[in-house]
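Heads up, the thing below is written out as C-alpha cells.
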Amino acid sequence: MMQNVHPAPETNEDDLYSGYNDYNPMFDTEDLENDVAFQQAAKTSHGRRPPVTAKIPATSSPRPLATGFGSKATLTSSMGRPMTGTIQDGISRPMTAVQAAGYTKAAARGSSFDPLGQARGPASPLEKKTSDSLEEKMRQLEKKVNELVEESCVANSCGDLKLALEKAKEAGRQERELLRQREQIAPPESINLDLTYTVLLNLASQYVANEMYAEALTTYQVIVKNKMFSNGGILKVNMGNIYLKQRNYSKAIKFYRMALDQITSSHKQMRIKIMENIGVAFIKTGQYVDAISSFEEIMNISPNLKAGFNLILCYFAIGNGEQMKKAFKNLIEVPLEVDYEDKYISLNDDLHTNLLIEAIKNDSLSQIERERKSLAEEYIMTAAKLIAPAIETSFAVGYDWCVDAVKDSHYVELANDLEINKATTYLRQQNFNQALETLKMFEKKDSRVKSAAATNLSFLYYLGNELEQATNYADLAVNSDRYNPAALTNKGNTVFANGDCEKAAEFYKEALRNDSLCTEALYNLGLAYKKLNRIDEALDCFLKLHAILPNNAQVLYQLASIYQIMEDPNQAIEWLLQLISVVPTDPHVLSKLGNLYDTEGDKSQAFHYYCESYRYFPSNIEVIEWLGAYYIDTQFCEKAIEYFERAALILPTQVKWQLMVASCYRRSGNYQKALEKYKVIHRKFPENVECLRFLVRLCTDMGLKEVQEYITKLKKAEKLKEIREQRIKSGREGSARSRKEGSGDSGGIKGERLSAKLKVLPGTNEPYEGSSSKEIDASYADPLGPQPERPKTAARKRTEEDDFADEELGEDLLPE
C-alpha cells in the first residue's frame with residue numbers, strides 16, 4: 001500500500017528547490033512497448049482500477065507538512081501517483097514534461113534548478129539560412145521588386161523622372177522573372193496579383209510623367225483587360241486624362257464615361273471629379289449644351305466653385321442671359337464650410353490668450369480657410385466682370401445687378417471691390433469721367449475702401465498732370481489707411497513731381513516698411529536716389545528689385561544706366577546684354593550698346609548693334625549719322641549715301657544731310673552726280689554758302705561755263721551772311737548793354753527771348769570735308785515752318801526717362 005509513498009529526504013533546508021531536476025524512471029515511456037506488465041495491464045481493466053482508499057491515511061490523521069523550516073513529507077495523489085517534486089528511487093519527478101523548460105530525463109540528484117540552461121554556457125551561434133531553396137530565392141526576388149518600385153516612386157518625387165522610369169522598367173523585368181519561377185513550382189492561384197498590379201501601375205505612371213503617352217496607354221490596357229484585377233476599370237480615368245492631354249477629346253469622353261459606369265455611387269467625390277472632366281472635354285470640343293448638362297448635374301448633387309464657374313462660362317458661350325443670372329446666384333450660394341465671422345478677436349488683455357489666438361490665426365486650418373475664401377472671391381469677381389455686359393442692356397446696369405446679388409450673400413465685403421473693379425473697367429474703356437464718378441462714391445465709405453478709391457483717383461489725376469488734385473486724393477488715401485503701400489507710393493509720386501526728392505524718398509521707404517514686396521515703391525526710391533545723385537543707394541535699390549523681378553526690362557536698363565554714370569562701361573554692357581535677351585527688338589537699347597562699344601573702341605561690335613538698331617527703327621538720326629560716318633571712315637562712301645538720303649527724307653528742311661549725300665558722290669569720284677545734287681540743293685536753299693562753294697569748286701575743276709554765275713551768287717550770299725552776323729552781333733551787344741544799364745525789364749526779357757530762340761535754331765554741322773563755316777542760310781522759308789532738331793542732351797534725357805513707363809513714376813491701379 002505504501003509502495004508509492006516516499007518520505008521526504010533529509011536535505012539541506014536552505015535549498016528549497018532541490019530534487020526538482022530528479023526524474024522518476026516510472027514515467028519513462030520509451031520502453032513501454034517492451035514492458036510486459038504494462039502491456040498486460042493495458043489489455044485488462046486491472047490497470048484502470050483505483051487503489052483501495054482504506055490503505056490511504058484518513059484526512060483527519062496527522063500529515064506532516066513540508067515548510068521552509070521543517071522536514072518535508074512526501075505526498076501522493078488519490079491515484080497513487082507521486083506528487084510534483086517528490087523523489088522516488090533517488091529520482092525526483094519533473095515539474096513539467098516539456099524539455100524546452102530546461103528539464104532532463106535523468107538529472108543527478110540534488111542538481112540546482114536551471115530551466116534556461118544557463119549552466120551549459122552560451123548558446124552556439126544561429127546557423128544562417130541557406131538560400132539554395134527555390135522558395136527562398138523567390139522570396140528575395142519579391143523583396144527586390146518591392147524595393148525597386150519604392151525607389152522609382154522616390155525618384156519621381158525628387159524630380160528625377162528618367163531614373164524613376166528606369167527603376168520602374170527594372171521592377172517590371174524582375175516581376176516577370178518572379179512569375180516564371182513561381183509558375184514552375186506553384187499553381188497559378190498562388191501568384192501575387194497585388195505585386196503585379198503595383199508594378200504595372202507604377203510603370204504606367206512613370207510613362208505619363210515622362211510624356212510617353214503611347215507606352216502608358218499600352219500599359220494601362222494590360223491592367224484594364226486583365227479580369228483578375230478587380231479594380232482595373234478605375235484606371236480608365238487615367239487613360240481619359242492621357243487622351244485629354246493629347247487633345248483627343250472624343251476618346252477622353254468615352255473613357256471617362258466607361259470609368260463612370262464602373263464606379264459605384266458610394267465613391268461620390270470621384271464620380272463628381274469624372275463628371276467635371278467630361279464637362280471640360282465638352283467645352284474643349286464646343287459642345288456647350290452637353291457640358292451644361294454635366295455641370296448642372298454636379299451642382300444638383302454636390303455644388304462646388306469650379307463647376308459653378310464653368311457653368312457660367314457655358315451659358316455665356318451660348319448667350320443665355322437669364323441662365324447666367326441663375327448660375328451666378330448658385331455660385332455665390334456654394335457653401336465654403338468656413339466660418340465667415342472673425343472668431344479670433346481678443347476680448348481681453350490676457351497675454352497668454354492673445355498669443356494663443358495669434359498662433360491659431362496662422363495654423364494650417366486657418367490658411368486653408370483663407371485660401372478657399374480667396375479662391376471663391378476670385379471666381380465671383382471674374383464671373384461678374386464676364387457676365388455684366390451680357391445680362392443687361394449696358395455694362396453699368398449689369399454690373400449693378402451683380403453688386404446687388406453679392407450684397408445679399410455671404411460676400412458683402414466683396415461688393416465694394418466689385419464697385420472699384422467697375423471703375424477700373426471704365427478706365428480700360430477710356431471712359432475717364434465715369435471712372436472718376438464711380439470712385440468718388442467711395443469718399444464716404446469705410447477707411448479701407450476709401451483708401452483704395454482715393455489711391456486710384458490720385459493715380460488718374462497724376463496721369464492727367466493735375467498735380468494739385470492728385471496731391472489732395474493722395475493725402476486722403478494716406479489719411480484713410482496709413483498702412484496702404486499704394487497710397488504712400490502715390491503720395492511720394494506727387495511730391496517727386498513737385499521736385500522734393502528727399503521727401504518723396506521718405507514716403508517710398510515708409511511704403512516699403514509696410515510692404516517689403518511693393519516693387520513700385522522700391523523702383524521709385526531708386527529713381528529718387530538717382531535724382532539726388534546718391535548713386536550707391538540707387539544701385540542697392542535696383543539690385544534688390546532685380547532679385548525680386550529678375551527679367552524686368554526697366555530694372556535691367558536702370559542698372560546699366562547707373563553703371564554708366566559710375567563710369568563702369570563693362571558692367572553697363574553686361575546689364576544691357578541681359579536686357580536685349582529680354583527685349584531683343586528694342587532699338588534704343590541696341591543703339592546704346594553700340595555707343596558703349598564705340599566708346600570702348602570696339603568698332604565691329606558697335607557697327608553690329610547700330611545695324612540691328614537701324615533694322616528695327618530706321619528713323620533714329622543718331623544711328624543713321626553714326627552708320628554713315630562709319631562707312632565714310634572705312635572708305636565705302638557709296639554705302640553711306642543710303643543712310644544720308646534717309647536722313648534727308650526724315651529732315652527735309654535741314655541742308656546738312658543733302659550736302660552729305662553730294663559729298664559722298666564727290667568722294668567716290670562720281671563728280672557728275674555730285675554736281676547734279678549740289679544744283680538740286682541750290683534750288684532748294686539758294687543762299688546756302690556751303691553749296692555755292694562746292695558748286696564753284698566743281699565747275700572750276702570740270703571747266704564749266706556756269707562757274708561765273710555761281711561765283712557771283714556766292715559773293716552775294718557771303719555779303720548777306722556778313723550783314724546778318726553783324727545784326728546778330730549788334731543785337732547781342734544792345735541786349736547786354738540794356739541789362740547792364742537796367743534800362744528796362746522789357747528790353748532784358750526781349751533780349752533773353754531772342755537768345756533762347758537763336759539757341760533752338762537748327763544748327764548745321766560741318767560736312768566731313770567742308771569749310772569752317774557752320775551757319776545755315778536762314779533766309780530759306782520752309783512752308784511747314786522751322787522744325788528745330790532736339791539737342792543731344794535732351795535726346796539722352798528722353799531715352800533715360802521717357803522710354804520706359806516706370807521712369808515717370810507710374811503706379812498700378814489698385815485693386816487689379
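The values are calculated or read from the model by the stated rules, or taken from the named source; none is laboratory data. Because the structure is predicted, anything quoted here is derived from the model rather than measured. Methodologically, a virtual Cβ is constructed for each residue, glycine included, from the backbone with ideal geometry; neighbour enumeration extends over all protein chains shown. Just the protein is used for accessible areas: all its heavy atoms, side chains included, with ligands, DNA and RNA removed. Shrake-Rupley method; radii C 1.70, N 1.55, O 1.52, S 1.80 Å.
If only the Cβ of Lys and Arg carry +1 and only the Cβ of Asp and Glu carry -1, the dipole of segment 157-252 around its Cα centre is close to 380 debye.
Here the spin labels are modelled as points 7 Å beyond Cα on the Cα-Cβ line, and at residue 161 and residue 302 they lie 3.0 nm apart. Taking the charge dipole of segment 579-711 about its Cα centre, with +1 at Lys and Arg Cβ atoms and -1 at Asp and Glu Cβ atoms, the residue from 695, 671, 707 reaching farthest to the positive side is 707. Under 5 Å between amide hydrogens, built in the peptide plane, is the criterion, and for residue 160 it picks out nothing among residues at least 5 positions away or on other chains. Residues 236, 531, 450, 705 ordered from highest to lowest accessible area at a 1.4 Å probe: 705, 531, 450, 236. Annotation: extensible slack from residue 429 through residue 700 equals 90.8 nm (criterion: 0.36 nm per residue apart, minus Cα-Cα distance). 3J(HN,Hα) along segment 380-389, derived from phi through the Karplus expression 6.51 cos²θ - 1.76 cosθ + 1.60 where θ = phi - 60°, amounts to 5, 4, 5, 5, 5, 5, 6, 8, 4, x Hz, with x in place of Gly and Pro. A crude spin-label estimate for the pair residue 134 and residue 709, with each label 7 Å from Cα along the Cβ direction, gives 12.0 nm.
Comparing Cα centroids, segment 270-311 and segment 213-245 end up 23 angstrom apart.
The phi-based Karplus calculation (6.51 cos²θ - 1.76 cosθ + 1.60; θ = phi - 60°) puts the 3J(HN,Hα) values of segment 263-278 at 9, 6, 5, 5, 8, 5, 5, 5, 5, 5, 5, 5, 5, 4, 5, 5 Hz, whole numbers, x for Gly and Pro. In order along segment 544-556, the phi-based Karplus estimate (6.51 cos²θ - 1.76 cosθ + 1.60, θ = phi - 60°) of 3J(HN,Hα) comes to 5, 5, 5, 5, 7, 10, x, 10, 7, 5, 5, 5, 4 Hz; Gly and Pro are listed as x. Counting only heavy atoms of the protein chains and using a 1.4 Å probe, residue 180 has close to 130 Å² of accessible surface. Under a 5 Å amide H cut-off, with hydrogens placed 1.01 Å from N, residue 636 pairs with nothing among residues at least 5 apart or on other chains. Of the accessible area of segment 130-281, computed with a 1.4 Å probe over protein heavy atoms only, carbon and sulfur atoms account for 50 percent. Accessible area ranking (1.4 Å probe, heavy atoms, ligands and nucleic acids excluded), largest first, for 183, 392: 183, 392. Along the axis of the charge dipole computed for segment 239-288 (Cβ charges of +1 for Lys and Arg, -1 for Asp and Glu, origin at the Cα centre), the listed residues 246, 277, 256 are led at the positive end by 246. Take the cross-link list 143/169; 162/236; 329/385; 373/422; 236/284; 385/491 and give me the ones stretching past 18 Å between alpha-carbons. Check vs 18 Å cut-off fails for 162/236; 373/422; 236/284; 385/491.
Per-residue SASA remark: residue 723, around 70 Å² accessible (1.4 Å probe; ligands, DNA and RNA not included).
Inter-part distance, segment 672-696 to segment 162-183, computed on C-alpha centroids, equals 91 Å. For the residue pairs 361/544; 167/245; 592/679, alpha carbon separations beyond 28 Å are given by 361/544; 592/679. Sorting 247, 724 on solvent-accessible area from highest to lowest, probe radius 1.4 Å, gives 247, 724. Considering only protein heavy atoms, what is the solvent-accessible area of residue 580 at a probe of 1.4 Å, reported in Å² to the nearest 10? Its accessible surface works out to 30 Å², give or take rounding.
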